1. Please find, within the stretch 210-219, the residue that is surrounded by the fewest Cβ atoms within 10 Å (Cβ to Cβ) out of those that are without any contact (Cβ under 8 Å) to a residue 60 or more places away in the chain and either closer than 24 Å to F183 by Cα or charged (D, E, K, R) (or both).
2. Looking at the structure I just gave you, is L452 surrounded by 13 or more Cβ atoms within 10 Å (Cβ to Cβ), out of contact with any His (no Cβ under 8 Å at 6 or more places or on another chain), in the same structural domain as L260 (by TED's automatic domain parsing) and within 30 Å of L268 (Cβ to Cβ)?
3. So in the stretch 362-407, with the set limited to residues that are under 40 Å from the mean Cα position of the chain (by Cα) and of a type in the set (G, A, S), which one is farthest from A349 (Cα to Cα)?
4. Condition test on I466, is it over 30 Å from D211 (Cβ atoms), assigned by TED's automatic domain parsing to the domain that holds E164 and touching a helix residue (DSSP H, G or I) at 6+ places or on another chain (Cβ under 9 Å)?
5. For the stretch 1-31: of the residues being within 30 Å of Q532 (Cα to Cα) and of a type in the set (S, T, Y), which is surrounded by the fewest Cβ atoms within 10 Å (Cβ to Cβ)?
6. Taking the stretch 304-336 only, how many residues are more than 21 Å from L276 (Cβ to Cβ), free of Cβ contacts under 8 Å to residues at least 12 places away in the same chain and outside any strand (DSSP E or B)?
7. Does Q162 fit the bill of being in the same structural domain as L474 (by TED's automatic domain parsing), closer than 26 Å to G280 by Cβ and in contact with a helix residue (DSSP H, G or I) (Cβ under 9 Å, 6 or more places away or on another chain)?
8. Inside the stretch 329-346, can you point out the residues that are touching an Asp or Glu at 6+ places or on another chain (Cβ under 8 Å) and surrounded by 15 or more Cβ atoms within 10 Å (Cβ to Cβ)?
Amino acid sequence: MFLRKHVVKRGDRVYVSHRLCRTVREGGTVRQEIVANLGRISEAEAERIGRQLLALAGKAPPPAAATAQQGQPYLYGGPLLVQALMELANLNALLQPLGRTRRRLDLPRTLRVALCAQLLAPGSELSTSRWQQKLLVTRTPYHIPYHHFLRALDVLADHHSQVEDHLFAQVKHLFNQQVDVLFYDLTSSYFEGHGPPELARRGYSRDGRPDCPQIVLGLAVTTDGFPIAYRVHPGNTVDATTLQRLADDFRSRFHIHRCLMVGDSGLLSRDNAQRLDELGLGYLLGMRAATTRSAQEVIAASGHLEPAGCLGEVSYWDPLRRDNTAYVLLHSPGREHKTISILERKLAAVRPRLAHLEQDVRAGKLRSEQAITARATRLLVEAKASPYIELRIGPGEFSWCENAQKLQAMRQHAGKYVLQTNQLDLTAQEAAIAYRQLEVAEDCIRRLKDTLALRPLYHRSPQRVIGHVGLCVLALFLLRLLEQRLLAAGLCHTAEQAIAAVQNLIAVPIHVDGRELWPAPHVSATARAIFQALGISNVKARFEADLVALGLPASG
């Protein structure tokens, strides 16, 4: 039995009482129950009862004159979770030989702390160096110098290929996954400051920061969201040019019997399709129906036919095969509604502005044909409505009308999109399923940016930029591994929820008469189940082993 203080706050008043409790085991579950409610008693009386309970339990209470003080708390649950994930991913086997290339750099330990920071408190390497003081494993004198975190990034960049090979091997062998479908997506990440001139360029920003230089990042992931390859490109790189470099490596380094590369419309180009054919890699790429002639021909050829089936709300038609290429038409009501809504917003924005321009020309405020053309063009470009408006311009003359034929075709075919593939045996349903799973890659991109704080970038060396991206990809791999283990154990937690649950395990030293004791942290039922899913059945025994490794005394 033990004594527990119970504190209740009601408004500005605080009520303190004490309860006599005991621990009860029922089967495999341990719970605590209240034996008696002692009500409001003095601290001296509570201490006297506590000493009596210790005596009944056969434990020697501290001397009456002893004073106990609580020391600085350290994070323990989160770092233990990261260490368990690194052991499952066999990362030490990868990092140990790589670290020998740098003198006095303990690469496994440094990257363990860096991965802890990325998963628990993401930020720059400088913030990681400061944050490590909250960890038990880096308390004085085990502090890691700031420049070691930067040198670790250099190692990751220098051995980029080995990191990818290891991730691929872990997915293929350790997790029993056949890598036959890969999703490829791109994103951008901007710099605070100038960044390295080799990579930091202005380009199309997916972060809404066209004012900043950026990089373009290509990421290949499996159907379960495990990242196995990543490429860093200059910020002005066009989407379609990134796929070939990755495909070349896939065929030369990754011995994949059959691989289907799935990507969105930004990756489809004649050169990309031809290169994938030459490498013997299958592809399934989306096509821009509004601007691609082949897609328009497929839509026109299938317009009078009934759909072959449905996948949820998405309808699909039988593949149309031409010249060793298959085209699959799909229709999504959600995409149709979105496309039409965007179209109506464009027209609603440009109509009153064109009418106002027409009034100004009639009033003689604008006479020059060049000035009228420049203003009308600017209005259409700003509203992105140029394809749907016809203009008639002359000296002192201006009129406009909507292109009824194009608007009718746009509304009629809204929601339809076409997939192109070189796998002629791929059914329309299989193609639809594979393309819809592309959201797995999009989710990985979102987690890289938000959960793992890939952006913004601060480094001025291209090696450091590539190394920082590699660190975030390793953290993403551990995040997906955590979710897989939770799912296999039947735990309905996201990775973020699991990390938050184990963060409550805090190691707090107690100083009694000059002695430092480390009582084992309380482990909640949720945290215990999470650690069991990762192969740690006894957290308190692991804690005591870690104390021994650090040369710290456990509590009696």
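The values are calculated or read from the model by the stated rules, or taken from the named source; none is laboratory data. These numbers come from a predicted model, not from an experiment. Positions of Cβ are generated from backbone atoms using ideal geometry, with glycine treated the same way; all protein chains shown enter the neighbour counts.
1. Residue satisfying both the conditions and the ranking: D211.
2. On the way: surrounded by 13 or more Cβ atoms within 10 Å (Cβ to Cβ): yes; out of contact with any His (no Cβ under 8 Å at 6 or more places or on another chain): yes; in the same structural domain as L260 (by TED's automatic domain parsing): yes; within 30 Å of L268 (Cβ to Cβ): yes.
It is true that L452 is surrounded by 13 or more Cβ atoms within 10 Å (Cβ to Cβ), out of contact with any His (no Cβ under 8 Å at 6 or more places or on another chain), in the same structural domain as L260 (by TED's automatic domain parsing) and within 30 Å of L268 (Cβ to Cβ).
3. S386
4. On the way: over 30 Å from D211 (Cβ atoms): no; assigned by TED's automatic domain parsing to the domain that holds E164: yes; touching a helix residue (DSSP H, G or I) at 6+ places or on another chain (Cβ under 9 Å): yes.
Criteria not met by I466.
5. Of the stretch 1-31, the ones within 30 Å of Q532 (Cα to Cα) are 1-4, 21-31.
The next check asks that each one be of a type in the set (S, T, Y); those that pass are 23, 29.
Values: T23: 10, T29: 8.
This residue is T29.
6. So the count comes out to 3.
7. Working: in the same structural domain as L474 (by TED's automatic domain parsing): yes; closer than 26 Å to G280 by Cβ: yes; in contact with a helix residue (DSSP H, G or I) (Cβ under 9 Å, 6 or more places away or on another chain): yes.
The answer is yes for Q162.
8. We begin by selecting, within the stretch 329-346, every residue touching an Asp or Glu at 6+ places or on another chain (Cβ under 8 Å); these are 332-334.
Matches in the stretch 329-346: S332 only.
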